[in-house]
4 protein chains.
Amino acid sequence: MPDKNRIAELREEIDDINLKLLELLNRRATVASEIGKLQIQYSSQIYDPVRESAMLTELQMVNEGPFSNETLNALFKEIFKATLALEEKEARANLVVQRKTPDQQTIIEMADGTQIGNSDFQIIAGPCAIESYEQYEEVAAALADEGIKIMRAMAFKPRTSPYDFQGLGEPGLKIARQVANKYGLLLVSEIMDASQLHMMTDYVDMLWIGARNMQNPHLLRAVGKTNKPVILKRHFAAKLQEFLYAAEYIMSEGNHQVILMERGIRSFDTWTRNTLDISAVPLLKKESHLPVIVDISHSAGRRDIANPLARVAVASGADGLMVEVHPNPDVAMSDAKQQLNIAQFKSMMAEVRKMLPTRAVKKEHAGD
Amino acid sequence: MPDKNRIAELREEIDDINLKLLELLNRRATVASEIGKLQIQYSSQIYDPVRESAMLTELQMVNEGPFSNETLNALFKEIFKATLALEEKEARANLVVQRKTPDQQTIIEMADGTQIGNSDFQIIAGPCAIESYEQYEEVAAALADEGIKIMRAMAFKPRTSPYDFQGLGEPGLKIARQVANKYGLLLVSEIMDASQLHMMTDYVDMLWIGARNMQNPHLLRAVGKTNKPVILKRHFAAKLQEFLYAAEYIMSEGNHQVILMERGIRSFDTWTRNTLDISAVPLLKKESHLPVIVDISHSAGRRDIANPLARVAVASGADGLMVEVHPNPDVAMSDAKQQLNIAQFKSMMAEVRKMLPTRAVKKEHAGD
Amino acid sequence: MPDKNRIAELREEIDDINLKLLELLNRRATVASEIGKLQIQYSSQIYDPVRESAMLTELQMVNEGPFSNETLNALFKEIFKATLALEEKEARANLVVQRKTPDQQTIIEMADGTQIGNSDFQIIAGPCAIESYEQYEEVAAALADEGIKIMRAMAFKPRTSPYDFQGLGEPGLKIARQVANKYGLLLVSEIMDASQLHMMTDYVDMLWIGARNMQNPHLLRAVGKTNKPVILKRHFAAKLQEFLYAAEYIMSEGNHQVILMERGIRSFDTWTRNTLDISAVPLLKKESHLPVIVDISHSAGRRDIANPLARVAVASGADGLMVEVHPNPDVAMSDAKQQLNIAQFKSMMAEVRKMLPTRAVKKEHAGD
Amino acid sequence: MPDKNRIAELREEIDDINLKLLELLNRRATVASEIGKLQIQYSSQIYDPVRESAMLTELQMVNEGPFSNETLNALFKEIFKATLALEEKEARANLVVQRKTPDQQTIIEMADGTQIGNSDFQIIAGPCAIESYEQYEEVAAALADEGIKIMRAMAFKPRTSPYDFQGLGEPGLKIARQVANKYGLLLVSEIMDASQLHMMTDYVDMLWIGARNMQNPHLLRAVGKTNKPVILKRHFAAKLQEFLYAAEYIMSEGNHQVILMERGIRSFDTWTRNTLDISAVPLLKKESHLPVIVDISHSAGRRDIANPLARVAVASGADGLMVEVHPNPDVAMSDAKQQLNIAQFKSMMAEVRKMLPTRAVKKEHAGD
């Protein structure tokens, strides 16, 4: 069998080539990474299709086979992709928002000891908007009854039309504070402009950046200078990387108490308002050490699937969920179709409780 | 809120008009049907575009709004179309796929008694493609060890490029059948063209329609004429309503054993291959009586979030999940990044088992 | 032929039913429209799937055929859809942004007599960002040479990462003003926060609202209180209706000098940065009287198709286009891949000029 | 800017490494190919996953980064795959669909001398579906009158619901052929399954693959074995690269007469049925030598913007457009909202003619 010996010889040559390829690929990655670091001073965009195209053209011109130009293109594209991924990973490694170790986990602690990001599953609930003392108190009582600690207190509503109900403003916050004090609740409220900051911090315990403001640098930086925890809501068309960079805008100013909220992406289907992107939860947990919660109201835009979505939120590994609750959703001044009434809310809470035993403090984001 | 009362009054008037419209539409259908029966004596053509056009013209001449003539044209065209289709449609008019009662639930029973759609949670697993006897048997043994009953047996792979590995074909099915018999497993295999039907039914227990064929009427009708259960995979850009109509194509031919598989939609994010649309599960269960399963491999396109996605699938109310498993994913001939190795598969199974106690036979699709 | 007489009789009955349906449908539309007007006080959302679902259920319960419930569902869904379209049209009819007559056309006139929205095709050009006096002047000279009147003067750049180059700020505006005065150019500059308004109006002739701020009510209202023309850029995930409502936020404060800029939507393809939605141009012209321009730089994100996109912009009926020009794009501090160098810009201008004779003042948005 | 110099230096090093990688990869391929030839004497299986796995393990053991083992696995897997496929691929390795030189341009010539892909702009028109002799002839006469050469002859309609009108089938084709012969027109018709091929080629001059079948390998290969020109319609969710690969499936079987048709992508906006992706035209022309046409009917789904879209199609550099025309769209059995009536069609033709002088044979796809 001389062929067998010949095969063995050839295989040794292959092994040798493999090692040289390994060395070159790693050297290439090192150089590319250095370029990446220089480029990052100008832009967060490392990917440069024009440069890649030029490199491919040059390689094609000198290629004499046996690999075809097409095959080499495919191989080098893989090399480019791997290099790019490495550079992006390095770029992210310096971000404050980025998970550094498997165990790293931001836990946000409120004045009353309530924590978000520990092993508990926090429910944030309340009406879409504060409408009146009576409406707000009815919900607050129900929340307190279910052991909820953090209540929505929305006094400024971003609306598509300038003629839609825009919220009660500061008088709404006064109502919310009064009710919250009575029932021992913490308040979270959407801030729409940096100019509201001073006033708002008098009333609320936690700030909320809405989806439309997720990429508003002035506002992000302004809340980044406060010491209030911030719920940051993903824009419905934001990539996860953009979402993390938005958190970085806040954190880069010193405020590290950020909670990421997944809320559904805009897609083509018409049976829901948005498409809940549940995979975002494990991916965000994997990349970042921040708590992640799931908005089950805006993602679906319909209350009839609230119970399965609540179960799904628990199962996803999220640190909590956000749900809209209204004494009588059919007459709500906004988001009527997605708010739960109080009975539905209690039904949802029962579903959540049934799921909690399956939840343990996990470190699955630590690797695979 | 006097406006709310006024809205209620107006809605009552709408309800009253609806009933009158109903009565008139049905009366119209009866009369048109009688005309149709008379016409059929002279001609095979019931459809009379000239008559329709004349009716539209007459209506336009007397219309005083608020509907524009264009809108009325569109509405009456729908009425004409419905009337025209009445006789041939009536027999099968109610979509077979549609849930008729809260309790309705299709349960698919396999030859060995395995059921899909009952209170169990079925796992369907196996490699992306059959590659060799050894590869296939190694997975089969692991599945049997975990109590899995249904195994992927993919011998024809739809690929983006005509030069990619296209599957082993019938020899692959022979391997799969031999291994399945040894381990007491049922096989499900993707059929790509009606011409493969006869050959394939010799080897497999269940057919699989891939996403690319979800709207291929010839293939849907062909499998609809068999008595094999069919897994129908949602196209990554199909609306849920289109998905249900695709199932109807199969069911309208007599085969009611259809399993709907959610598998992620194409979106803008780049951290996953597709975006798992988990809300689709409760929505499909609400609208249809068919079993629904979740493909956790193609939805994410990455194995490192398989465990949370498996938990999410259980929590969503799905009847099962589908996952790709390969002895050594790194050398797999396709879908390398998303297949679990056997240890990862066992880890996923442990997660699923932990979730099962939270699952009870639910009727939440019955309404809200 | 007694049957022929019978057919004639039955057809008369059909005609009679048609008229009654017409009357009922219009009556229904009137009532629904009144409901819509009451609802609009609370929300811009008229569509109410829960109510529709309830109406369908009631109709199904009393339906005795011959139309099946499925057919009636389909017919009533068409009626609902038409009614909804009517209500939305009425809601929009009151908007300032909405076209009222076929001839209505907003023409914006600048201090030097330059007009946007008349029969000319205006080119707005300039670098992505002001980087230095030299860089800015080199572009300005080229623009002046080509007869361009309006120049980009971006001193504040919204960036994904807080560590990216964020623009030169006010010193950049000083450079731009100095250069503009020398070459007789008008300046347009992005405003990121209402707090910049006072400073910025000292330097620039026209304001620019970026995509990320398209739904920032505070900023929209603030520029709505100025007398500067405003370019409003569509968010990459905004529906056209949302885009028009954003313009309405500005106009409702009194500033009617708004220019709508289409700039591509976020989609799944990876060969372009965004997908230019060219149909948006005729649709926006049809619905609104405002000038519409096309951003050919951000829509594609690559310069190599700038010439065909510029031709397409002219052909679409737009009132102008916006393009990024840089003396040396490869070293630009942002958007390197999409900026044209000066030779490419001149080539693009030649293409535009070749197209202009095909352009005539058209009234095609007046109806169909 | 010393950093720019440093980047240039580092890029030179990258270029150097690229060349070394090229040399090693090709050397590796040569050696592997020799092994393959020896192995083939013992077994038909060249693929040896055990050997691959051993090589990966060895590389992982010596890897010192910066690439992670996982990344190197992925890269070497690509190298293994490319090597494995080398022999069978080499013959046809360069994609047939891909443009090889700036001047390369496929021109398809029909029996009567009509050409697609030359400097003319071809209009393909006709009703959505053949409904009757009278309907079809009325359109044919109008087309002939306008100098149109190629007519839609759709006898099989892919529909969402199995109960919708599915086309007249072969009798429809008989009508179309008869009418086409009378008016000197060429016919193009959608083929839904390979089993229709034999029958259909008797009637039509050109085949049409619908969007739903764009990734149906059996059908693509079947039409690839004919000598009929094929219009290939992009799926509404297909990336451009997937679209080109679909063309490659046809061309790899020998039929190079393929026409690519852009038709709009599924997006989130609701004012159009799909979003016309006009940038696809220059991008497809850049990458491929095949003719590209624009479907202005399905992209918009509404006839009132047909004229601007037709102008845009000409301006984009496309080789033609496709438009639906019906004598009386309001009573059409499908696609009523988007078909033009004959007067509207003539108006559109006038717009197209006005644009043609701006069109010259261009080579802009040759580079930038």
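Any read-out appearing in this document is the output of simple, stated calculations on the displayed coordinates, not a laboratory observation. Predicted model, so just to flag it, every value in this text is computed and none were measured. Cβ atoms come from the backbone with ideal geometry, glycine included; neighbour counts cover every protein chain shown.
Taking θ as phi - 60° and the Karplus parameters 6.51, -1.76 and 1.60, the scalar couplings of segment D:297-310 work out to 8, 6, 5, 8, x, 8, 7, 6, 10, 4, 5, x, 5, 5 Hz in sequence order, x denoting glycine and proline. Over the residues of chain A, the helix contribution to mean residue ellipticity at 222 nm works out to -14500 deg cm²/dmol, using -39500 (n - 2.57) for each DSSP H run of at least 4. Think of segment D:210-341 as having a plus end and a minus end, set by charges on the Cβ of Lys, Arg, Asp and Glu; of D:297, D:210, D:333, D:210 sits farthest toward the positive end of this dipole. Per-residue mean of foreign Cβ neighbours for A:177-183 is 0 (Cβ atoms of other chains, 10 Å radius).
Name the residues whose placed amide hydrogens come within less than 5 Å of the amide hydrogen of residue C:277, ignoring near sequence neighbours (fewer than 5 apart) on the same chain. Excluding prolines and chain starts, which carry no amide H, the hits are C:263, C:264, C:265. Close amide-amide hydrogen proximity is noted between residue D:186 and D:150, D:151, each under 5 Å apart and 5 or more residues distant or on a separate chain (H modeled in the peptide plane; Pro and chain starts excluded).
Karplus-derived 3J(HN,Hα) values for segment D:108-117, using 6.51 cos²θ - 1.76 cosθ + 1.60 with θ = phi - 60°, are 9, 10, 8, 4, 8, x, 4, 10, 10, x Hz; glycine and proline are entered as x.
For the rotational copies B and D, the chain B residue with its Cβ nearest the relating axis, together with that separation in Å, is B:237, 2.
DSSP finds beta bridges in segment A:108-366, and of those with both partners inside it, around 10 percent are antiparallel. Rounded, prolate or oblate: which one fits segment B:108-361, using the alpha carbon gyration tensor with axes a ≥ b ≥ c (rounded when a/c is under 1.5, else prolate when a/b beats b/c, else oblate)? Since a/c stays below 1.5, the shape of segment B:108-361 is classed as rounded.
Positive end of the dipole of chain A (Cβ unit charges, origin at the Cα centre): among A:181, A:199, A:272, the Cα lying farthest that way belongs to A:181. Once both labels are positioned 7 Å from their Cα atoms along Cα-to-Cβ, the gap between residue A:353 and residue D:270 label points is 3.8 nm. Distance from the alpha carbon centroid of segment C:338-356 to that of segment A:20-35 works out to 40 angstrom. Among residues other than residue B:138 with Cβ under 15 Å from its Cβ, the summed charge is -4 (Lys and Arg +1, Asp and Glu -1). Each label was represented as a point 7 Å from its Cα along the Cα-to-Cβ direction; for residue B:58 and residue D:241 these points are 6.0 nm apart.
Using only side-chain charges placed at the Cβ, +1 for Lys and Arg and -1 for Asp and Glu, the dipole size of chain B relative to its Cα centre rounds to 480 debye.
Sorted shortest first, the separations between the residue A:23 label point and its copies elsewhere in the assembly read 1.3, 9.3, 9.5 nm; each point sits 7 Å from Cα along the Cα-to-Cβ line.
Taking the centroid of alpha carbons for each part, segment D:253-324 and segment B:258-291 are 29 Å apart. Comparing mean-square fluctuations of C:84, C:72, C:187 from a GNM of chain C with C-alpha springs under 10 Å, the top value falls on C:72. Peptide packing for C:209-221, C:170-182 was compared via the average number of neighbouring C-beta atoms within 10 Å per residue; ordered from the highest value, the list is C:209-221, C:170-182.
Which entries in the list B:100/B:285; B:157/B:337; A:81/B:337; C:100/C:285; B:157/D:225 go over 18 Å, if you measure between the two C-alpha atoms of each? Listed pairs above 18 Å: B:157/D:225. Spin-label model, residue A:199 to residue D:33: label points 7 Å out along the Cα-to-beta-carbon direction sit 7.6 nm apart. For segment C:147-210 versus segment B:220-252, the spacing of their alpha-carbon centroids is 56 Å. In order along segment A:148-153, the Karplus-derived 3J(HN,Hα) couplings, from 6.51 cos²θ - 1.76 cosθ + 1.60 at θ = phi - 60°, round to 6, 10, 10, 10, 4, 9 Hz, and Gly and Pro are given as x. Sequence-distant contacts, meaning Cα pairs under 8 Å at least 6 residues apart, place the relative contact order of segment D:108-359 at 18 percent.
Applying 1/(1 + (r/R0)^6) with R0 = 22 Å to the Cβ-Cβ distance of residue C:107 and residue C:181, what FRET efficiency is obtained, to the nearest 0.05?
On the way: r = 25 Å, r/R0 = 1.15.
For residue C:107 and residue C:181, the calculated efficiency is 0.30.
Note on chain A: GNM, Cα springs under 10 Å; of A:283, A:197, A:24, the largest mean-square fluctuation is that of A:24. Across the identical copies, the 7 Å label point of residue D:183, projected outward along Cα→Cβ, sits 5.4, 6.1, 7.0 nm from its counterparts, in ascending order. For peptide B:210-223, the mean count of partner chain Cβ atoms within 10 Å of a residue's Cβ comes to 4. Return the long-range amide H neighbours of residue C:123 (sequence gap of 5 or more, or a different chain), with a cut-off of under 5 Å between placed amide H atoms. So residue C:123 has HN proximity to C:149, C:321. Remark: for residue pairs A:174/A:228; C:346/D:239; C:239/C:286; B:4/C:37, the C-alpha separation exceeds 20 Å in C:346/D:239.
A Förster radius of 25 Å, combined with the Cβ-Cβ distance separating residue C:94 from residue B:8, puts the computed FRET efficiency at roughly 0.50.
Starting from the Cα gyration tensor of the protein assembly as shown, take the square roots of the eigenvalues, sort them a ≥ b ≥ c, and report rounded, prolate or oblate (rounded when a/c is under 1.5, otherwise prolate if a/b is larger than b/c, else oblate). Because its axes are fairly even, with a/c under 1.5, the protein assembly as shown counts as rounded. With label points defined 7 Å past Cα in the direction of Cβ, position residue D:350 shows copy-to-copy spacings of 3.4, 6.9, 7.6 nm, given to one decimal and shortest first.
Does segment D:162-207 classify as rounded, prolate or oblate by the C-alpha gyration tensor (a ≥ b ≥ c root eigenvalues; a/c under 1.5 gives rounded; else a/b over b/c gives prolate, otherwise oblate)? Since a/c reaches 1.5 but b/c is at least a/b, the shape of segment D:162-207 is classed as oblate.
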